[in-house]
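Data block below; observations after.
The values are calculated or read from the model by the stated rules, or taken from the named source; none is laboratory data. Please read all numbers here as calculations on a predicted model, not as lab measurements. Glycine gets a Cβ as well: all are built from the backbone with ideal geometry, and neighbour counts include every protein chain shown. SASA here: full protein model, heavy atoms, side chains in, ligands and nucleic acids out. Shrake-Rupley method; radii C 1.70, N 1.55, O 1.52, S 1.80 Å.
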Amino acid sequence: MSSLTAAQATVLDRLQIEVPSWAYGNSGTRFKVFGTPGTPRDPWEKIADAAQVHAATGLAPKVALHIPWDKVDDYAALRAYAQGLGVDLGTINSNTFQDDAYKFGSLTHLDPAVRRQAIDHHLECIEIMGATGSRDLKIWLADGSNYPGQADMRTRQDLLAESLAEIHAALSGEQRLVLEYKFFEPAFYHMDVPDWGTAYAQVAPLGERAVVCLDTGHHAPGTNIEFIVAQLLRLGKLGAFDFNSRYYADDDLIVGAADPFQLFRIMVEVVRGGGLAADTQVAFMLDQCHNVEDKIPGQIRSVLNVQEATAKALLVDTDALALAQREGDVLAANAVLMDAYNTDVRPLLAEMRTDMGLDPDPIAAFARSGYTETIRRERVGGNQMGWG
Ligand code: PSV
Ligand code: MN
(Lines give C-alpha, C1' and ligand atoms only; values in the text may rest on other atoms or scores of the structure.)
(Ligands and ions follow the chains in the order given, each with its own letter.)
Protein backbone atom coordinates (compact mmCIF):
# COMPACT_ATOMS: atom_id res chain seq x y z
CA MET A 1 0.00 0.00 0.00
CA SER A 2 1.32 3.44 -0.88
CA SER A 3 1.51 5.83 1.97
CA LEU A 4 1.66 9.56 2.42
CA THR A 5 4.53 11.31 4.15
CA ALA A 6 3.66 13.15 7.36
CA ALA A 7 3.76 16.44 5.44
CA GLN A 8 1.42 15.11 2.75
CA ALA A 9 -0.96 13.73 5.38
CA THR A 10 -1.08 17.17 7.00
CA VAL A 11 -2.11 18.69 3.69
CA LEU A 12 -4.78 16.04 3.17
CA ASP A 13 -6.09 16.68 6.70
CA ARG A 14 -6.80 20.27 5.68
CA LEU A 15 -9.25 19.23 3.00
CA GLN A 16 -12.75 20.31 3.95
CA ILE A 17 -15.62 20.18 1.51
CA GLU A 18 -18.66 22.36 2.02
CA VAL A 19 -21.95 20.71 1.08
CA PRO A 20 -24.90 22.56 -0.52
CA SER A 21 -28.22 22.57 1.34
CA TRP A 22 -30.04 22.21 -1.98
CA ALA A 23 -28.49 18.82 -2.67
CA TYR A 24 -30.76 17.34 0.01
CA GLY A 25 -33.94 18.69 -1.57
CA ASN A 26 -35.65 17.28 -4.62
CA SER A 27 -34.31 18.19 -8.02
CA GLY A 28 -34.71 16.92 -11.53
CA THR A 29 -34.75 17.92 -15.13
CA ARG A 30 -37.21 20.05 -17.06
CA PHE A 31 -39.04 16.78 -17.73
CA LYS A 32 -39.65 15.51 -14.21
CA VAL A 33 -38.72 16.01 -10.59
CA PHE A 34 -39.01 12.72 -8.69
CA GLY A 35 -39.91 13.00 -5.03
CA THR A 36 -38.20 10.72 -2.52
CA PRO A 37 -39.64 9.65 0.83
CA GLY A 38 -37.77 11.36 3.66
CA THR A 39 -36.80 14.47 1.66
CA PRO A 40 -36.45 17.56 3.91
CA ARG A 41 -39.44 19.85 4.28
CA ASP A 42 -37.46 22.82 5.58
CA PRO A 43 -33.88 24.10 5.94
CA TRP A 44 -33.58 22.53 9.39
CA GLU A 45 -34.12 19.06 8.00
CA LYS A 46 -31.66 19.77 5.17
CA ILE A 47 -29.03 20.64 7.76
CA ALA A 48 -29.77 17.50 9.74
CA ASP A 49 -29.14 15.47 6.56
CA ALA A 50 -25.96 17.38 5.75
CA ALA A 51 -24.67 16.70 9.27
CA GLN A 52 -24.84 12.98 8.45
CA VAL A 53 -22.27 13.49 5.69
CA HIS A 54 -19.81 15.06 8.10
CA ALA A 55 -20.50 12.46 10.78
CA ALA A 56 -19.69 9.67 8.31
CA THR A 57 -16.65 11.22 6.63
CA GLY A 58 -15.18 13.92 8.90
CA LEU A 59 -14.76 15.92 5.68
CA ALA A 60 -17.79 18.19 5.41
CA PRO A 61 -18.08 20.51 8.40
CA LYS A 62 -20.00 23.29 6.62
CA VAL A 63 -23.34 23.63 4.86
CA ALA A 64 -23.87 26.31 2.21
CA LEU A 65 -27.25 28.05 2.05
CA HIS A 66 -29.15 29.45 -0.93
CA ILE A 67 -31.33 32.50 -0.33
CA PRO A 68 -34.35 32.55 -0.61
CA TRP A 69 -34.57 28.73 -0.71
CA ASP A 70 -33.21 28.54 2.85
CA LYS A 71 -34.94 31.57 4.32
CA VAL A 72 -35.78 31.18 8.01
CA ASP A 73 -36.97 33.65 10.66
CA ASP A 74 -33.97 33.18 12.92
CA TYR A 75 -30.59 32.50 11.29
CA ALA A 76 -28.74 32.55 14.61
CA ALA A 77 -31.03 29.74 15.78
CA LEU A 78 -30.40 27.83 12.55
CA ARG A 79 -26.68 28.20 13.13
CA ALA A 80 -26.95 27.03 16.73
CA TYR A 81 -28.97 24.04 15.52
CA ALA A 82 -26.29 23.19 12.95
CA GLN A 83 -23.55 23.52 15.53
CA GLY A 84 -25.48 21.22 17.85
CA LEU A 85 -25.30 18.62 15.08
CA GLY A 86 -21.54 19.10 14.65
CA VAL A 87 -21.56 21.32 11.54
CA ASP A 88 -21.63 25.05 10.80
CA LEU A 89 -23.22 27.26 8.19
CA GLY A 90 -21.02 28.25 5.25
CA THR A 91 -21.33 30.20 2.02
CA ILE A 92 -24.44 32.24 1.33
CA ASN A 93 -25.52 31.89 -2.32
CA SER A 94 -27.68 34.66 -3.72
CA ASN A 95 -30.49 34.03 -6.17
CA THR A 96 -31.53 36.49 -8.86
CA PHE A 97 -32.76 33.92 -11.34
CA GLN A 98 -36.26 33.03 -10.19
CA ASP A 99 -38.08 36.32 -10.03
CA ASP A 100 -40.16 37.75 -12.90
CA ALA A 101 -38.38 41.08 -12.52
CA TYR A 102 -35.15 39.45 -13.69
CA LYS A 103 -36.40 38.29 -17.09
CA PHE A 104 -33.85 40.54 -18.85
CA GLY A 105 -31.17 40.54 -16.20
CA SER A 106 -30.53 41.48 -12.58
CA LEU A 107 -27.28 43.23 -11.66
CA THR A 108 -26.83 44.09 -15.35
CA HIS A 109 -30.41 45.16 -16.10
CA LEU A 110 -30.80 48.49 -17.93
CA ASP A 111 -33.63 49.48 -15.59
CA PRO A 112 -32.19 51.00 -12.40
CA ALA A 113 -35.22 49.77 -10.42
CA VAL A 114 -34.45 46.14 -11.28
CA ARG A 115 -30.78 46.64 -10.50
CA ARG A 116 -31.80 48.16 -7.17
CA GLN A 117 -33.93 45.10 -6.37
CA ALA A 118 -31.03 42.77 -7.23
CA ILE A 119 -28.49 44.78 -5.24
CA ASP A 120 -30.85 44.94 -2.26
CA HIS A 121 -31.20 41.16 -2.38
CA HIS A 122 -27.43 40.90 -2.04
CA LEU A 123 -27.42 43.40 0.81
CA GLU A 124 -29.99 41.19 2.54
CA CYS A 125 -27.70 38.19 1.95
CA ILE A 126 -24.85 40.10 3.60
CA GLU A 127 -27.06 40.79 6.61
CA ILE A 128 -27.82 37.08 6.82
CA MET A 129 -24.08 36.36 6.66
CA GLY A 130 -23.71 38.39 9.84
CA ALA A 131 -26.09 36.04 11.66
CA THR A 132 -24.82 32.83 10.11
CA GLY A 133 -21.15 33.73 10.57
CA SER A 134 -20.54 33.10 6.86
CA ARG A 135 -17.42 34.39 5.17
CA ASP A 136 -18.48 34.13 1.54
CA LEU A 137 -21.23 35.66 -0.57
CA LYS A 138 -21.39 33.67 -3.77
CA ILE A 139 -22.94 35.37 -6.78
CA TRP A 140 -23.97 33.51 -9.89
CA LEU A 141 -25.95 35.49 -12.45
CA ALA A 142 -28.36 34.09 -15.01
CA ASP A 143 -28.01 37.44 -16.83
CA GLY A 144 -27.47 37.34 -20.56
CA SER A 145 -29.31 37.35 -23.88
CA ASN A 146 -30.55 34.89 -26.50
CA TYR A 147 -30.18 36.83 -29.75
CA PRO A 148 -27.57 39.06 -31.32
CA GLY A 149 -28.68 42.65 -30.87
CA GLN A 150 -31.02 41.82 -27.96
CA ALA A 151 -28.75 43.36 -25.35
CA ASP A 152 -26.03 45.99 -25.16
CA MET A 153 -23.34 43.63 -23.91
CA ARG A 154 -20.82 46.39 -23.37
CA THR A 155 -23.07 48.62 -21.25
CA ARG A 156 -24.08 45.63 -19.18
CA GLN A 157 -20.43 45.07 -18.20
CA ASP A 158 -20.30 48.64 -16.90
CA LEU A 159 -23.56 48.21 -14.99
CA LEU A 160 -22.33 44.95 -13.53
CA ALA A 161 -19.16 46.64 -12.32
CA GLU A 162 -21.23 49.35 -10.61
CA SER A 163 -23.58 46.84 -8.99
CA LEU A 164 -20.75 44.64 -7.74
CA ALA A 165 -18.93 47.66 -6.33
CA GLU A 166 -21.98 48.59 -4.24
CA ILE A 167 -22.38 45.02 -2.97
CA HIS A 168 -18.67 44.72 -2.24
CA ALA A 169 -18.71 47.97 -0.27
CA ALA A 170 -21.29 46.48 2.09
CA LEU A 171 -19.03 43.58 3.11
CA SER A 172 -17.17 43.81 6.38
CA GLY A 173 -14.24 42.17 8.14
CA GLU A 174 -13.27 38.87 6.57
CA GLN A 175 -16.28 38.67 4.29
CA ARG A 176 -15.69 38.04 0.59
CA LEU A 177 -17.54 38.44 -2.68
CA VAL A 178 -17.16 35.33 -4.84
CA LEU A 179 -18.22 35.69 -8.47
CA GLU A 180 -19.13 32.52 -10.38
CA TYR A 181 -19.00 32.24 -14.18
CA LYS A 182 -20.90 30.01 -16.57
CA PHE A 183 -20.51 29.83 -20.33
CA PHE A 184 -24.19 29.34 -21.21
CA GLU A 185 -27.65 28.66 -19.78
CA PRO A 186 -30.17 30.04 -19.17
CA ALA A 187 -29.05 32.57 -21.80
CA PHE A 188 -27.68 31.02 -24.96
CA TYR A 189 -26.22 33.81 -27.09
CA HIS A 190 -24.32 35.66 -24.41
CA MET A 191 -23.89 35.42 -20.64
CA ASP A 192 -22.76 38.51 -18.77
CA VAL A 193 -20.22 36.45 -16.78
CA PRO A 194 -19.39 33.64 -19.20
CA ASP A 195 -15.80 32.80 -18.32
CA TRP A 196 -13.01 33.10 -15.77
CA GLY A 197 -11.52 36.05 -17.63
CA THR A 198 -14.67 38.12 -17.27
CA ALA A 199 -15.11 37.07 -13.64
CA TYR A 200 -11.48 38.04 -13.02
CA ALA A 201 -11.88 41.38 -14.84
CA GLN A 202 -14.93 42.18 -12.71
CA VAL A 203 -13.47 41.22 -9.31
CA ALA A 204 -9.90 42.46 -9.77
CA PRO A 205 -10.71 46.19 -9.39
CA LEU A 206 -12.74 45.51 -6.25
CA GLY A 207 -9.74 44.39 -4.25
CA GLU A 208 -8.43 41.41 -2.34
CA ARG A 209 -11.71 40.30 -0.89
CA ALA A 210 -13.32 39.76 -4.27
CA VAL A 211 -12.50 36.46 -5.89
CA VAL A 212 -13.66 33.96 -8.52
CA CYS A 213 -15.67 30.73 -8.14
CA LEU A 214 -14.87 27.94 -10.56
CA ASP A 215 -17.83 25.59 -11.06
CA THR A 216 -16.41 22.54 -12.79
CA GLY A 217 -19.60 22.06 -14.84
CA HIS A 218 -19.53 25.55 -16.34
CA HIS A 219 -17.10 25.04 -19.21
CA ALA A 220 -17.31 23.97 -22.81
CA PRO A 221 -16.46 20.32 -23.50
CA GLY A 222 -12.74 19.80 -23.76
CA THR A 223 -11.80 22.88 -21.73
CA ASN A 224 -8.55 22.44 -19.82
CA ILE A 225 -10.02 23.31 -16.43
CA GLU A 226 -6.82 22.56 -14.52
CA PHE A 227 -5.10 25.31 -16.50
CA ILE A 228 -7.73 27.78 -15.28
CA VAL A 229 -7.16 26.51 -11.74
CA ALA A 230 -3.43 27.08 -12.10
CA GLN A 231 -3.92 30.56 -13.55
CA LEU A 232 -6.42 31.74 -10.93
CA LEU A 233 -4.24 30.42 -8.11
CA ARG A 234 -1.26 32.17 -9.67
CA LEU A 235 -3.24 35.42 -9.68
CA GLY A 236 -4.44 34.89 -6.10
CA LYS A 237 -8.05 34.94 -7.28
CA LEU A 238 -9.29 31.37 -6.94
CA GLY A 239 -11.82 31.87 -4.16
CA ALA A 240 -13.96 28.77 -4.44
CA PHE A 241 -14.86 25.63 -6.29
CA ASP A 242 -18.34 24.40 -7.06
CA PHE A 243 -17.58 20.74 -7.69
CA ASN A 244 -19.76 18.48 -9.81
CA SER A 245 -19.49 16.29 -12.91
CA ARG A 246 -20.70 16.79 -16.42
CA TYR A 247 -21.02 14.86 -19.63
CA TYR A 248 -22.73 17.55 -21.68
CA ALA A 249 -23.39 20.82 -19.88
CA ASP A 250 -24.32 21.83 -16.35
CA ASP A 251 -25.30 18.26 -15.46
CA ASP A 252 -24.56 18.68 -11.72
CA LEU A 253 -23.73 14.99 -11.30
CA ILE A 254 -21.54 13.51 -8.59
CA VAL A 255 -18.04 15.02 -8.68
CA GLY A 256 -15.40 12.61 -9.89
CA ALA A 257 -18.00 10.26 -11.38
CA ALA A 258 -17.91 11.18 -15.06
CA ASP A 259 -14.20 11.95 -15.32
CA PRO A 260 -12.16 11.07 -12.22
CA PHE A 261 -8.94 11.76 -14.13
CA GLN A 262 -9.99 15.37 -14.68
CA LEU A 263 -10.71 15.76 -10.97
CA PHE A 264 -7.24 14.36 -10.24
CA ARG A 265 -5.65 16.83 -12.67
CA ILE A 266 -7.52 19.69 -11.02
CA MET A 267 -6.35 18.60 -7.57
CA VAL A 268 -2.76 18.30 -8.84
CA GLU A 269 -2.88 22.01 -9.76
CA VAL A 270 -4.60 22.85 -6.46
CA VAL A 271 -1.77 21.20 -4.53
CA ARG A 272 0.87 22.65 -6.87
CA GLY A 273 -0.55 26.17 -6.53
CA GLY A 274 -0.91 26.19 -2.72
CA GLY A 275 -4.68 25.72 -2.73
CA LEU A 276 -4.32 23.44 0.28
CA ALA A 277 -1.60 25.42 2.05
CA ALA A 278 -2.18 26.30 5.71
CA ASP A 279 -3.29 29.81 4.73
CA THR A 280 -5.44 28.72 1.78
CA GLN A 281 -8.21 31.04 0.66
CA VAL A 282 -9.91 28.43 -1.49
CA ALA A 283 -13.34 27.19 -0.41
CA PHE A 284 -14.03 23.69 -1.70
CA MET A 285 -17.72 23.21 -2.23
CA LEU A 286 -20.09 20.81 -3.94
CA ASP A 287 -22.82 22.18 -6.20
CA GLN A 288 -24.76 19.11 -7.14
CA CYS A 289 -28.20 17.62 -7.53
CA HIS A 290 -29.21 14.04 -6.89
CA ASN A 291 -32.10 13.46 -9.25
CA VAL A 292 -32.35 9.68 -9.18
CA GLU A 293 -29.85 8.44 -6.60
CA ASP A 294 -30.16 8.66 -2.81
CA LYS A 295 -29.10 12.11 -1.76
CA ILE A 296 -27.14 11.60 1.48
CA PRO A 297 -25.07 8.63 0.21
CA GLY A 298 -24.63 10.63 -3.03
CA GLN A 299 -23.09 13.45 -1.04
CA ILE A 300 -20.93 11.03 0.95
CA ARG A 301 -19.68 9.48 -2.30
CA SER A 302 -18.90 12.97 -3.62
CA VAL A 303 -16.75 14.14 -0.72
CA LEU A 304 -14.93 10.79 -0.75
CA ASN A 305 -14.23 11.23 -4.48
CA VAL A 306 -12.64 14.62 -3.83
CA GLN A 307 -10.59 13.16 -0.99
CA GLU A 308 -9.40 10.28 -3.17
CA ALA A 309 -8.40 12.62 -6.00
CA THR A 310 -6.54 14.81 -3.51
CA ALA A 311 -4.65 11.89 -1.99
CA LYS A 312 -3.59 10.79 -5.48
CA ALA A 313 -2.51 14.34 -6.32
CA LEU A 314 -0.36 14.40 -3.19
CA LEU A 315 1.33 11.18 -4.31
CA VAL A 316 2.75 12.80 -7.44
CA ASP A 317 6.54 12.53 -7.25
CA THR A 318 7.19 16.21 -7.86
CA ASP A 319 10.99 15.87 -7.97
CA ALA A 320 10.80 13.15 -10.62
CA LEU A 321 8.25 15.22 -12.52
CA ALA A 322 10.41 18.36 -12.47
CA LEU A 323 13.43 16.36 -13.63
CA ALA A 324 11.53 14.74 -16.50
CA GLN A 325 10.15 18.14 -17.53
CA ARG A 326 13.63 19.71 -17.43
CA GLU A 327 15.05 16.90 -19.53
CA GLY A 328 12.21 17.10 -22.01
CA ASP A 329 11.32 13.47 -21.29
CA VAL A 330 7.68 13.58 -22.29
CA LEU A 331 6.86 9.96 -21.55
CA ALA A 332 8.61 9.93 -18.19
CA ALA A 333 6.80 13.10 -17.12
CA ASN A 334 3.45 11.67 -18.13
CA ALA A 335 4.28 8.39 -16.38
CA VAL A 336 4.92 10.23 -13.10
CA LEU A 337 1.40 11.63 -13.19
CA MET A 338 -0.14 8.34 -14.26
CA ASP A 339 1.66 6.41 -11.50
CA ALA A 340 0.04 8.66 -8.91
CA TYR A 341 -3.35 8.53 -10.60
CA ASN A 342 -3.29 4.76 -10.88
CA THR A 343 -2.48 4.25 -7.20
CA ASP A 344 -5.32 2.77 -5.19
CA VAL A 345 -5.51 5.17 -2.25
CA ARG A 346 -8.63 3.63 -0.74
CA PRO A 347 -6.77 1.41 1.78
CA LEU A 348 -4.71 4.32 3.07
CA LEU A 349 -7.78 6.54 3.40
CA ALA A 350 -9.63 3.76 5.23
CA GLU A 351 -6.71 3.51 7.64
CA MET A 352 -6.73 7.29 8.13
CA ARG A 353 -10.43 7.13 9.01
CA THR A 354 -9.87 4.37 11.52
CA ASP A 355 -7.14 6.48 13.15
CA MET A 356 -9.64 9.34 13.38
CA GLY A 357 -12.19 7.10 15.08
CA LEU A 358 -14.41 6.98 11.98
CA ASP A 359 -15.74 3.91 10.23
CA PRO A 360 -13.33 2.97 7.42
CA ASP A 361 -16.32 2.62 5.06
CA PRO A 362 -18.50 5.75 5.44
CA ILE A 363 -21.16 4.65 2.95
CA ALA A 364 -21.67 1.30 4.68
CA ALA A 365 -21.64 3.00 8.08
CA PHE A 366 -24.34 5.43 6.98
CA ALA A 367 -26.46 2.59 5.56
CA ARG A 368 -26.14 0.69 8.85
CA SER A 369 -27.07 3.74 10.92
CA GLY A 370 -30.75 3.43 9.97
CA TYR A 371 -31.00 7.21 9.35
CA THR A 372 -32.65 6.76 5.96
CA GLU A 373 -35.36 4.52 7.40
CA THR A 374 -35.94 6.95 10.27
CA ILE A 375 -36.45 10.02 8.04
CA ARG A 376 -38.67 8.04 5.70
CA ARG A 377 -40.83 7.05 8.65
CA GLU A 378 -40.84 10.42 10.37
CA ARG A 379 -41.02 12.95 7.55
CA VAL A 380 -44.59 12.42 6.57
CA GLY A 381 -46.76 15.30 5.36
CA GLY A 382 -45.65 18.83 4.57
CA ASN A 383 -44.04 19.95 1.34
CA GLN A 384 -40.77 18.42 0.29
CA MET A 385 -38.18 21.04 -0.53
CA GLY A 386 -36.81 21.64 -4.00
CA TRP A 387 -35.67 24.59 -6.05
CA GLY A 388 -38.23 27.07 -4.88
C1 PSV B 1 -25.72 27.82 -11.70
O2 PSV B 1 -25.83 26.82 -12.66
C3 PSV B 1 -25.20 27.30 -10.38
O4 PSV B 1 -24.03 26.55 -10.60
C5 PSV B 1 -24.97 28.39 -9.37
O6 PSV B 1 -23.93 28.04 -8.49
C7 PSV B 1 -26.25 28.40 -8.62
O8 PSV B 1 -26.24 29.08 -7.43
C9 PSV B 1 -26.45 26.92 -8.50
O10 PSV B 1 -26.13 26.44 -9.80
C11 PSV B 1 -27.71 26.39 -8.03
O12 PSV B 1 -27.51 25.01 -7.90
MN1 MN C 1 -22.39 26.50 -9.20
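Between Leu89 and residues 5 or more places away or on another chain, which pairs have amide H atoms under 5 Å apart, with H built 1.01 Å from N, and which residues are they?
For Leu89, the qualifying residues are Val63.
Extending each Cα 7 Å along its Cβ direction at Phe34 and Phe97, get the distance between those two points in nm, one decimal.
2.3 nm
Provide the gained length on full extension for the span Tyr248 to Glu166, in nm with one decimal, where the gain is 0.36 nm per separating residue minus the Cα-Cα distance. Don't jump to the answer; show the numbers that get you there.
Numbers: separation 82, 0.36 × 82 = 29.52 nm, distance 3.56 nm.
Stretched out fully, the Tyr248 to Glu166 stretch lengthens by 26.0 nm.
Would you compute the Debye intensity of the range 275-348 from its alpha-carbon atoms alone, equal scatterers and no solvent, and pass along log10 I(q)/I(0) at q = 0.13, 0.19 Å⁻¹ to two decimals?
The Debye formula, applied to the Cα set alone, gives -0.57, -0.91.
What distance in nm separates the two pseudo spin-label positions at Ala204 and Glu174, each 7 Å out from Cα along the beta-carbon direction?
2.8 nm
Name all residues of the range 111-127 having a backbone nitrogen under 19 Å from the label point set 7 Å from the Cα of Lys71 along its Cα→Cβ direction, giving them as ranges.
Residues 114-127 fall inside that zone.
Largest first and in whole Å, what are the equivalent-ellipsoid semi-axes of the range 327-388 based on the Cα gyration tensor, each being the root of 5 times an eigenvalue?
Equivalent-ellipsoid dimensions as semi-axes: 43, 20, 8 Å.
Loop-only GluC sites (Glu not before Pro) in the range 179-269, please: DSSP not H, G, I, E or B, and at most 14 other Cβ atoms within 10 Å. Walk me through the intermediate numbers first.
Working: sites: Glu180, Glu208, Glu226, Glu269; in loops: Glu208.
Here the GluC sites (Glu not before Pro) that fit, given the DSSP loop and packing criteria, are Glu208.
I need the P(r) histogram for the chain: all alpha carbon pairs, bin width 20 Å from 0 out to the longest distance, whole percents.
27, 58, 14, 0
Skip the ligands, DNA and RNA, and give the accessible area per residue of the chain with a 1.4 Å probe, whole Å².
On the way: 17130 Å² over 388 residues.
Using a 1.4 Å probe on heavy atoms only, each residue of the chain averages 44 Å².
Using only the Cα atoms of the range 50-151, what semi-axes does the equivalent ellipsoid have when each is the square root of 5 times a gyration tensor eigenvalue? Give whole Å, largest first. List each step's numbers first, then the result.
Details: eigenvalues 211, 45, 17 Å².
After scaling each eigenvalue by five and taking roots: 32, 15, 9 Å.
Using the Karplus curve 6.51 cos²θ - 1.76 cosθ + 1.60 with θ = phi - 60°, what ³J(HN,Hα) values do you get for each residue of the range 176-193, in whole Hz, with x for Gly and Pro?
With coefficients 6.51, -1.76 and 1.60, one gets 10, 9, 10, 9, 9, 10, 7, 6, 7, 6, x, 8, 10, 8, 9, 10, 6, 10 Hz.
Sum up the lysine pairs in the chain that clear both bars: alpha-carbon distance under 26 Å and a spacing of 8 or more or different chains.
28
Would you mind telling me the share, in percent, of accessible area of the chain contributed by carbon and sulfur at probe 1.4 angstrom? All intermediate terms of the calculation are to be shown ahead of the outcome.
Working: 9060 of 17130 Å².
With neighbouring chains kept in place, the figure for the chain is 53 percent.
Hey, rough spin-label estimate for Glu293 and Asp152, points 7 angstrom out along Cα→Cβ, what's it come to in nanometres?
With each label placed 7 Å out from Cα toward Cβ, I get 4.7 nm.
What does the charge dipole of the chain about its Cα centre add up to, to the nearest 20 debye, if the Cβ of each Lys and Arg holds +1 and the Cβ of each Asp and Glu holds -1?
Working: 33 positive and 52 negative charges, 66 e Å.
Computed charge dipole of the chain: roughly 320 debye.
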